[in-house]
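Input: a single structure, listed below in structure tokens.
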Amino acid sequence: ITGHVFPPSAGMSVGAPRGLASSGQKLITEILHPLSAAEEPLSPGQDEPGLTNGTPVEISSAASASVLLSRLQLDCEPEANAHVTFGSGEPRDLFVTVDDPKKHVSTMETYITYRVSTKTTRIEFDLPEYSVRRRYQDFDWLRIKLEDSQPTHLVPPLPEKFVMKGVVDRFSEEFVDTRMKALDKFLKRVADHPVLSFNPHLNAFLTAKDLNKRQGLALLTKVGESVKNVAGGYKLRARPAEFSAMGEYLDTFSQKLGTIDRISQRILREQSEYLTELREYGAVYSTWAASEEQLQRPLEGVAGCVTTSCGALEDLSDNMSQDFLPVLREYVLYIESMKRVLRKRDQVQAEYEGRLEAAVLRKQEDRTPIPVEVEKCQDKVECFNADLKADWERWQRNKRQDFKQLLTGMADKNINYYEKSQAAWESLITLLQEKQTEDKTSETN
């Protein structure tokens with residue numbers, strides 16, 4: 001299954017993808033996102049942004065929020081009108097795949113690269129197909145750039161970079177394959193997002209042969225910086241009820257996943273120990289059969305059953321370690337990402353509340369109008385609320401789908417394990433019955 005998004009409406013550029021529904025008459029593509037850096041010029045000496053192949057790109061954030069309201073109101077529109085989703089009847093226009101890991105050894109370091117393949121019909125891309133090689137730090141660069149330039153959106157998590165030396169071999173086939181699948185899922189989720197998929201940094205990541213990360217750092221937009229610094233002297237009074245509910249849900253969900261992960265890890269260790277014992281157990285019957293002619297067939301049958309059970313148990317353990325546990329860990333990291341976005345939203349609201357309170361005091365003293373800065377802060381809060389709620393709904397849909405597939409796969413693997421073991425031992429009963437019949441026949445003769 002490849003990651004995808006649906007095409008934007010006519011006339012839409014890479015810097016202004018289709019966003020949330022508008023409650024006013026102004027086109028969403030004409031609305032300037034309050035958290036974008038479009039209003040601020042580049043710093044002196046900073047060149048015009050461009051890809052390494054010379055193609056100019058836009059760095060402004062996507063206009064993805066509702067029309068800005070004149071007052072702070074978190075639940076002013078019905079849920080159905082909170083955002084526009086891409087219609088299922090429209091063709092998909094962006095496919096990405098991560099595969100073909102390769103090990104590179106140099107005098108300075110050893111690392112793994114992965115092939116990133118792209119197929120698209122978007123006008124923002126010069127070619128319909130691309131194939132580049134990327135290493136883990138390139139994916140991490142993309143994640144950081146997305147979080148910096150789209151602070152109001154939930155950026156999917158990457159698998160953790162560091163592993164415990166001596167515990168996990170990061171160049172083993174199993175580890176590399178697990179990481180490749182996680183990177184593939186990360187990139188597909190980004191490509192499936194109606195705003196993140198239009199980010200120019202993603203375009204550079206997918207197309208540039210040599211990804212110039214220094215250039216990307218020099219072109220850091222003001223968006224992320226503004227969110228990091230907005231709440232320097234402000235403290236949030238109270239998080240709105242719906243966002244408080246989100247935070248409480250994330251805390252509870254995290255605790256449940258942590259408990260399941262801890263027990264699953266223990267089960268996996270116990271299965272590994274049991275598998276070792278079971279293999280030794282089967283070997284004893286094989287050795288015994290070689291020295292016991294009259295019992296050779298039954299003993300070999302028992303050894304065969306144990307071997308079959310070992311194989312079935314190994315498949316079950318592999319499924320848990322390679323398929324089940326990585327999904328749990330991904331969602332633990334997803335929870336941390338969502339909490340970071342919630343904290344950023346709180347910072348923006350804290351700034352708005354602080355500035356509004358100061359403006360109200362000034363107005364009472366000298367009847368001055370509400371400053372423009374307060375209205376801009378109000379706009380930021382509205383944008384954050386709309387974007388966060390849309391991403392929350394998308395995340396919940398993905399979570400339900402992922403865990404349905406995960407639990408279905410776990411059930412299938414367990415059924416397969418018990419069916420294989422049962423069939424093996426039932427065949428042994430048949431063999432023993434045949435042996436018993438042969439022995440009676442021999443005694444009669």
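The values are calculated or read from the model by the stated rules, or taken from the named source; none is laboratory data. What you see is a predicted model, and the numbers here were worked out from it, not measured in a lab. Reconstructed Cβ throughout: ideal geometry from the backbone, glycine too, with neighbour counts over all protein chains shown. In case anyone asks, the SASA skips ligands and DNA or RNA and just uses the protein heavy atoms, side chains included. Shrake-Rupley method; radii C 1.70, N 1.55, O 1.52, S 1.80 Å.
The amide H of Arg133, built 1.01 Å from its N in the peptide plane, has Val116 as neighbours under 5 Å, considering only residues 5 or more places off or on other chains. Would you mind checking Lys256/Lys404; Lys256/Lys399; Lys235/Lys256; Lys161/Lys344 for any pair whose Cα atoms are more than 20 angstrom apart? Among Lys256/Lys404; Lys256/Lys399; Lys235/Lys256; Lys161/Lys344, the Cα-Cα distance tops 20 Å for Lys235/Lys256; Lys161/Lys344.
Find out how many positive minus negative residues lie around Asp315, taking Lys and Arg as positive, Asp and Glu as negative, among other residues whose Cβ is under 13 Å from that of Asp315. Walk me through the numbers before you get to the answer.
On the way: positive: Lys413, Lys420; negative: Glu314, Asp318, Asp323, Asp412, Glu419.
Net local charge, Asp315 excluded: -3.
Phi-derived couplings, Karplus 6.51 cos²θ - 1.76 cosθ + 1.60 at θ = phi - 60°, listed residue by residue for the stretch 375-385: 5, 5, 4, 4, 4, 4, 4, 4, 5, 4, 4 Hz, with x used for Gly and Pro.
Phi-derived couplings, Karplus 6.51 cos²θ - 1.76 cosθ + 1.60 at θ = phi - 60°, listed residue by residue for the stretch 200-210: x, 5, 5, 4, 5, 4, 7, 10, 6, 5, 10 Hz, with x used for Gly and Pro. Straightening the chain between Thr110 and Phe175 buys 21.9 nm, computed as 0.36 nm per residue apart minus the Cα-Cα spacing.
The order of the peptides 136-144, 191-199 by mean Cβ neighbours within 10 Å, most packed first, is 191-199, 136-144.
For the stretch 338-445, the solvent-accessible area of protein heavy atoms averages 60 Å² per residue (probe radius 1.4 Å; ligands and nucleic acids excluded).
Carbon and sulfur atoms: what percent of the 1.4 Å accessible area of the stretch 241-435 do they account for? Before the final figure, lay out the partial values.
Working: 5630 of 10660 Å².
In the stretch 241-435, the share of accessible area belonging to carbon and sulfur is 53 percent.
Dimensions of the stretch 241-435 along the principal axes, based on C-alpha atoms and rounded to the nearest Å, stand at 109, 24, 19, largest first. Only aspartates and glutamates eight or more places from Lys363 in sequence, or on another chain, were considered; those with a Cα closer than 19 Å are Glu351, Glu353, Glu373, Glu375. Across all directions, the average flat footprint of the convex hull enclosing the Cα atoms of the stretch 352-445 is 9.3 nm².
So what's the net charge close to Phe95: Lys and Arg +1, Asp and Glu -1, counting the other residues with Cβ under 10 Å from its Cβ?
Numbers: positive: Arg92, Lys119, Lys188; negative: Asp93, Glu129.
Value of the local net charge: +1.
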